[in-house]
Structures are given as C-alpha cells and as structure tokens.
Amino acid sequence: MLLQVEKLCKNFGGLRAVHNIDFAIESGEIVAIIGPNGSGKTTFFNVISGILPVSSGKILFKGQDVTSWKAYDMAKVGLTRTFQNIRLFPELSVRDNLIIGRYSQNSSGAFDGIFHSKRLRMEEQRNNEVVNEILEFTGLASLRNVLATNLPYGAQRRLEIARALASEPSLLLLDEPAAGMNPKEVDQLLALIRALKQRGLTILLIEHQMRLVMGIAERMVVFDHGEKIADGQPAVIRCDPKVIEAYIGTEVNECARD
C-alpha cells in the first residue's frame, strides 16, 4: 500500500473538520475524492500532505509512519500536491517555476555554491534534464521563458501540475485541478492525467466536475460533514443512496436511466 490513513481526525477548536477517516491507495491507482463544499476534502489533503498537523490518527507512506512530518519532508519522499487556488510564482518564468519544484530533491548547500562543487554541477545537470522533459511532456516547452502571470488560465493550471511533477513524486495530490477551466481545457487535463497514469504515477484528486471524475477515476471516495460515507467504483458510487442524497442529487444522477 502506497498511502494508508487510519482513524484520521482534524479538529479546529470545537469544529470537527475530518473525523475517523480510514483510507488507502495502492501504487498506480487514480482515486477521486468527492463531496459537497465544506465536507473536509481539502482539510484531508492539507493533513496528509503535512501542511496541517494531525489531531489524532496515523498516516503511513510507503510503509513508514509520517504522521508528524511536515510538507517539505513529504515532498522529499515523494508526496507532492497542487492547490485549489493557483499558487505559482507569477513574476518568474515557466522554467524557473519548475526549477523551484526541484528544490526538495537537491542536497547541495552553501559550500557547493561557493566552490561550484561536483555535486552542485551534477544536480544542475539533473535539474535541467528533468525540467526540460516535463516541459515537453506537459506541452509547456514553447512557453518556457514566459512569465507565469502572462499565461492563459489553463496553462497556469498545467504549470502548477508540472511544478509538482518536478520533484518526481510517487503520489500526486490534485486539489480541484479543473476549477475554472472551459470544456477544451478540461479535455486537455483529462489527457494529461491519463498520460501520467500510463507512466505509473499514483494520483489522488479532489474534483467537482463529474465528467472528469467519471472519465479517469478507478475509485471514488465520498466525504460528507468530515466523514467518509462511501468508497468504491464510480458506477457503484453514483447509485449509492447516501451519495445521491448528500452530493450528486437525483436531478443529475444517471441511475434512473440505467
């Protein structure tokens, strides 16, 4: 099991944002977390990625207990994420945003910089190789010198994913990657996620666009009021009465037509 979460809880004072969540994802899976706004999805992401501390419970990543680890520790061992609201470095180029994404994988320090050590030179070579390959893979190569702030919205979304890929993760968390995208941009995102799947990358995403979720997710997990209420294949989840009541709604549910 790549990631395993046991009885995870996150409280903010008297507010129970995430309660008693058991969750697991295997290598190579694409799993979608869905649920109404305020159901604890992003809080769950923030906790398992090390941005927020755990109130109680356990997080295991690659068999190691990482419950108390910080975000930079998680990135170093292969868990990276994007955010619901784009968090690029707007005044830096596309390429420089990716170079920053390589930081967690670098080990050189001030000494290496002063003396331009062999370790630094090898890291710079590796960084350039990885960044150039990701730029080609994500379709951003022709935009490498463009400032992030000048990119179209869909390209900014792709750049955020590209920056996360720069750290060579084994598990990628995508928080509403299609938010604000037009249908063409959603199709491009679908193609990119499918290509990442073919590379063997494990992906956990939060998403409200059911067309995207049904098109790529092998499994769906449903949150409501901070609790997990369903976990299974998309065709089963969309017909679950609890899920229909809490999130999907009868007016958009296709089960009645099956």
As straight-line cross-link partners of residue 76, the qualifying aspartates and glutamates (C-alpha separation under 18 Å, not fewer than 8 residues apart within one chain) are 65, 123, 124, 160, 168
Treating every alpha carbon of segment 101-248 as one equal point scatterer without solvent, the Debye formula yields log10 I(q)/I(0) values at q = 0.20 Å⁻¹ of -1.24
In nanometres, the difference between 0.36 nm per residue of separation and the alpha-carbon distance of residue 235 and residue 191 is 13.7 nm
Considering only segment 111-240, what is the antiparallel percent among its DSSP beta bridges, to the nearest 5?
50 percent
Measure nothing fancy, just the Cα-based angle from helix 118-137's long axis to the longest principal axis of the chain, in degrees from 0 to 90, nearest 10.
50 degrees
So which of 41/197; 7/62; 70/197; 41/242; 7/228 end up more than 20 Å apart, counting from Cα to Cα?
41/197; 70/197
Log entry: pair-distance distribution for segment 91-168, C-alpha pairs binned every 5 Å from zero, whole % per bin is 3, 17, 26, 21, 14, 11, 6, 2, 0
Might you report the magnitude of the Cβ-based charge dipole of segment 47-182 about its Cα centre, with Lys and Arg at +1 and Asp and Glu at -1, to the nearest 20 debye?
160 debye
So for the pair residue 12, residue 105, with labels modelled 7 Å out along Cα→Cβ, what separation do we get in nm?
3.4 nm
What does the C-alpha gyration tensor say about the overall shape of segment 48-145? Classify as rounded when a/c is under 1.5, otherwise prolate if a/b is larger than b/c, or oblate.
oblate
0 to 90° range, to nearest 10: angle between helix 183-198 axis and the chain longest Cα axis
70 degrees
The chain - mean residue ellipticity at 222 nm from DSSP helices (-39,500 (n - 2.57) per run, n ≥ 4, rounded to 500):
-10000 deg cm²/dmol
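A short reminder: the numbers here are calculations on the coordinates, not readings from a lab. What you see is a predicted model; the values in this text were computed from it and never measured. Quick reminder, even Gly has a Cβ in these numbers, built from the backbone with ideal geometry, and neighbours come from all protein chains shown.
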